[in-house]
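Q: What follows is a structure written as structure tokens; I'll ask about it next.
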């Protein structure tokens, strides 16, 4: 049995925006950003990795899920 294709934001039609929607930000406000998520074993390792990244000049953000 062939698996069904995975739906992505390119294949799912989006609903129309309301007439008063602001739309996409102008080029003056929008800038690409890149991120990275690291899985760690617990809060102690999360703190150690966070502190290490700060010392290296990065600006990490903490996420708990």
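The values are calculated or read from the model by the stated rules, or taken from the named source; none is laboratory data. Given the structure is predicted, the values throughout are model-derived calculations rather than measurements. Don't worry about glycine lacking a Cβ; one is built from the backbone with ideal geometry, like all the others, and counts go over all protein chains shown.
Q: Identify all residues within region 35-46 that are within 13 Å of residue 61 (Cβ to Cβ) and surrounded by fewer than 10 Cβ atoms within 10 Å (Cβ to Cβ); write none if there are none.
A: The first filter runs over region 35-46 and keeps only residues within 13 Å of residue 61 (Cβ to Cβ), leaving 35-38, 46.
Of everything in region 35-46, those that are within 13 Å of residue 61 (Cβ to Cβ) and surrounded by fewer than 10 Cβ atoms within 10 Å (Cβ to Cβ) turn out to be 35, 36, 37.
Q: Sticking with this one: If only one of 35, 57, 23 is modelled with pLDDT of 95 or more and part of a loop (DSSP other than H, G, I, E, B), which one is it?
A: Exactly one residue qualifies, and that residue is 57.
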